[in-house]
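Student: This is the structure I have questions about; it appears just below.
The values are calculated or read from the model by the stated rules, or taken from the named source; none is laboratory data. A quick note: this is a predicted structure, and the numbers were derived from the prediction, not measured. Don't worry about glycine lacking a Cβ; one is built from the backbone with ideal geometry, like all the others, and counts go over all protein chains shown. For accessibility, only protein heavy atoms count, side chains too; no ligands or nucleic acids. Shrake-Rupley method; radii C 1.70, N 1.55, O 1.52, S 1.80 Å.
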Amino acid sequence: MAAIEKRSRQDWQELDKEHHLHPFTDHKSLHKKRSRIISRAEGVYIYDADGHRILDGMSGLWCVNAGYGRQELIDAAAEQMKELPYYNNFFQCAHPPSIELAAMLKEVSQPQFNRVFFAGSGSESNDTIVRMVRTYWDLMGQPGRHTIISRDNAYHGSTVAAASLGGMKPMHKQSGLPIPGIVHVEQPYWFGSDRSLSPEEFGLAAARSIEDKIREVGPDKVAAFIAEPIQGAGGVIVPPDSYWPEVQRICDEYGILLISDEVITGFGRLGEWFGADYYGTRPDFMPFAKGVTSGYLPLGGVFVSDRVADVLIDKGGEFFHGYTYSGHPAACAVAIANLRLVQKEDLVERIKSDIGPYLQDKWRALGEHALVGDTRMVGLMGAFEIVKSKSPLEKFDEKRGAGVVFRDTLMELGACMRAVGDTIICAPPFVLSHGEADELIEKTWKALDQAQDLLSA
Ligand SMILES: *Cc1c(COP(=O)(O)O)cnc(C)c1O
């Protein structure tokens, strides 16, 4: 028995307008054109209420890695709900799905990770980390060590602490953020710089802005550095190869904890299990969410290294923190089924040696289009930059909304990517076939041609 009534598209749009406040949305402008109602999905395709088929080049919101309609995941949720739909992990209780998943996560992560703390989302996971980091340094007898360094334009979630860790200026401005003890340094965005340095020099300089900040704040006050291996929501900012080794050196030298935010890059997106594996870093924390369940149910969590977990366990007493849905049984059951599916279908290796290189080649070729100033893609996480002119390099006036013009054109042609300003970002499901990759690229070329006409008009 379906819980959802059948209604026309117009009825859904009307009800939506009257009653529903959306995340990250300017409602006044939405209400002028109404929402696009997505009513079902299969494989790598979503379908809107008019039956239009759209190739989902964003895996929902970077999460539906296994694709839509996977029976294994649906069955795992249904069976777990029959057995035990909910119980908590408070008060000295636990249940098989949370335990099984915790043990499984240990198997796929670096050796310093033996323990995991569950949350309901990526934002909650980062809130948890702020509290764990500060508690750790208190227990180490260094209570002055509470400052966390993050980066401009980072995205770490939308709760008060996670948005503070993030470096999105408009988010800070609306609510008096960041909270005290969180500071920001520059992002390793070579294309967005004046390009007077080589990418490698620029990467080193960006990493050293962390060292400058440590000296400015005081090495005895800095607790941790947090970063996404590749910034996602900020526009798929792929750092130069020189960046991460230098960041690791700085963290080691000053003894500060490294937090690798793996909410997007975790569980295979870059062709390795984690972004930390791809870049060869050894983090002390890894928050995760999104792809752990392929988005079928909400689940987040934090990998906690032995360095921290041993101290929390040995010296910490009770850690006064947790969520009602920390380790929700149905979400954990789906995560277990999802990780098994990723392993069984060898999807991480597939990204590394098959569909990743296949799509990357075609993506790079988009750089030949007059409108495309830069292309980049690691694993199945990519971006290109829409520019007015390539040499000399000239960007469109921000008000022109060139990125949105392209995105809307592409959507009309039946494929979905996201615009971050004039940066177009793409992160398709891991199960994307070669034929579907071809379709995505063909539609992108066509949308670029049409957008060029619209933008030169
Ligand atoms: C999406 C995201 C988050 C926040 O996750 P939610 O589940 O939306 O709270 C945190 N970090 C990164 C890198 C993300 O992309």
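Student: Just checking, which of 172, 184 is over 24 Å from residue 282 (Cα atoms), free of Cβ contacts under 8 Å to residues at least 60 places away in the same chain, under 21 Å from the mean Cα position of the chain (by Cα) and surrounded by fewer than 22 Cβ atoms within 10 Å (Cβ to Cβ)? Outline the logic, then answer.
Tutor: Working: 184 fails: over 24 Å from residue 282 (Cα atoms).
Answer to the check: 172.
Student: So which residues in region 317-340 are surrounded by fewer than 16 Cβ atoms within 10 Å (Cβ to Cβ) and in contact with a Leu (Cβ under 9 Å, 6 or more places away or on another chain)?
Tutor: Hit for region 317-340 is 319, nothing else.
Student: Go through (1) crowded, with 19+ Cβ neighbours inside 10 Å; (2) touching a strand residue (DSSP E or B) at 6+ places or on another chain (Cβ under 6 Å) and name the single condition residue 380 misses.
Tutor: Of the numbered conditions (1) crowded, with 19+ Cβ neighbours inside 10 Å; (2) touching a strand residue (DSSP E or B) at 6+ places or on another chain (Cβ under 6 Å), the odd one out for residue 380 is (2).
Student: Could you list, in sequence order, all residues of region 16-44 that are open to solvent by less than 70 Å² (accessible area, probe 1.4 Å), of a type in the set (A, V, I, L, M) and farther than 30 Å from residue 430 by Cβ?
Tutor: Of region 16-44, the ones open to solvent by less than 70 Å² (accessible area, probe 1.4 Å) are 16-17, 22, 25, 27, 29-31, 35, 37, 41, 43-44.
Going one step further and asking which of them are of a type in the set (A, V, I, L, M), we end up with 30, 37, 41, 44.
Hit for region 16-44 is 30, nothing else.
Student: Pairs needed: first member in region 232-259, without any contact (Cβ under 8 Å) to a residue 60 or more places away in the chain; second member anywhere, in a loop (DSSP other than H, G, I, E, B) and within 16 Å of the ligand (Cβ to nearest atom); C-beta distance under 7 Å; at least 6 residues apart or different chains.
Tutor: 239/188; 240/188; 243/188; 244/281; 248/281; 258/281; 258/283
Student: From 250, 226, grab the single residue that is more than 9 Å from the ligand (Cβ to nearest atom), in the same structural domain as residue 146 (by TED's automatic domain parsing) and surrounded by 24 or more Cβ atoms within 10 Å (Cβ to Cβ). Break it down into steps so the answer makes sense when it comes.
Tutor: Values: 250 fails: surrounded by 24 or more Cβ atoms within 10 Å (Cβ to Cβ).
Being more than 9 Å from the ligand (Cβ to nearest atom), in the same structural domain as residue 146 (by TED's automatic domain parsing) and surrounded by 24 or more Cβ atoms within 10 Å (Cβ to Cβ) holds for just one of 250, 226, which is 226.
Student: Quick check on residue 177: is it without any contact (Cβ under 8 Å) to a residue 40 or more places away in the chain and open to solvent by 60 Å² or more (accessible area, probe 1.4 Å)? Show your work before the answer.
Tutor: Details: without any contact (Cβ under 8 Å) to a residue 40 or more places away in the chain: yes; open to solvent by 60 Å² or more (accessible area, probe 1.4 Å): no.
Here the answer is no, as residue 177 does not meet what is asked.
Student: Next up: Look at residue 90 and say whether it is aromatic (Phe, Trp, Tyr), under 27 Å from residue 425 (Cβ atoms) and open to solvent by 50 Å² or more (accessible area, probe 1.4 Å). Talk me through it step by step, then tell me what you get.
Tutor: Numbers: aromatic (Phe, Trp, Tyr): yes; under 27 Å from residue 425 (Cβ atoms): no; open to solvent by 50 Å² or more (accessible area, probe 1.4 Å): yes.
Here the answer is no, as residue 90 does not meet what is asked.
Student: Also, quick follow-up: Could you run through region 10-50 and say how many residues are among the small types (Gly, Ala, Ser) and farther than 26 Å from residue 67 by Cβ?
Tutor: Keep residues of region 10-50 that are among the small types (Gly, Ala, Ser), which gives 29, 35, 39, 41, 43, 49.
Filter again for farther than 26 Å from residue 67 by Cβ, leaving 29.
Summing the residues that are among the small types (Gly, Ala, Ser) and farther than 26 Å from residue 67 by Cβ in region 10-50 gives 1.
Student: Now, a different point. List every residue pair whose Cβ atoms sit under 7 Å apart, with the two residues 6 or more apart in sequence or on different chains, where the first one lies in region 45-63 and is open to solvent by 50 Å² or more (accessible area, probe 1.4 Å) and the second, anywhere, is of a type in the set (S, T, N, Q) and within 12 Å of the ligand (Cβ to nearest atom).
Tutor: Matching pairs, first to second residue: none at all.
Student: Specify the residue that is nearest to the chain's Cα centre (by Cα); the eligible residues are those in region 276-305 that are open to solvent by 10 Å² or more (accessible area, probe 1.4 Å) and under 27 Å from residue 76 (Cβ atoms).
Tutor: 290
Student: Somewhere in region 345-358, is a residue out of contact with any Phe, Trp or Tyr (no Cβ under 6 Å at 6 or more places or on another chain), open to solvent by less than 10 Å² (accessible area, probe 1.4 Å) and more than 21 Å from residue 231 (Cα to Cα)?
Tutor: Yes: one or more hits.
Student: Please verify whether region 264-275 includes one or more residues that are part of a helix (DSSP H, G or I) and surrounded by fewer than 21 Cβ atoms within 10 Å (Cβ to Cβ).
Tutor: Here is the first cut: in region 264-275, the ones part of a helix (DSSP H, G or I) are 266-268, 275.
Right, trim to surrounded by fewer than 21 Cβ atoms within 10 Å (Cβ to Cβ) and you get none.
Within region 264-275 (the criterion being part of a helix (DSSP H, G or I) and surrounded by fewer than 21 Cβ atoms within 10 Å (Cβ to Cβ)), the answer is no, since none of the residues qualifies.
Student: In contact with a strand residue (DSSP E or B) (Cβ under 6 Å, 6 or more places away or on another chain), assigned to a helix (DSSP H, G or I) and either at pLDDT 95 or above or not assigned by TED's automatic domain parsing to the domain that holds residue 432 (or both): is that true of residue 333 in this structure?
Tutor: Working: in contact with a strand residue (DSSP E or B) (Cβ under 6 Å, 6 or more places away or on another chain): no; assigned to a helix (DSSP H, G or I): yes; either at pLDDT 95 or above or not assigned by TED's automatic domain parsing to the domain that holds residue 432 (or both): yes.
In short, no.
Student: For region 114-131, check the following and say yes or no: at least one residue is surrounded by fewer than 24 Cβ atoms within 10 Å (Cβ to Cβ), free of Cβ contacts under 8 Å to residues at least 24 places away in the same chain and away from the ligand (no atom under 16 Å from the Cβ).
Tutor: no
Student: Still on this structure, please answer the following. Which of (1) more than 30 Å from residue 302 (Cα to Cα); (2) modelled with pLDDT of 95 or more is the odd one out, the single condition residue 76 does not satisfy?
Tutor: Exception for residue 76: condition (1).
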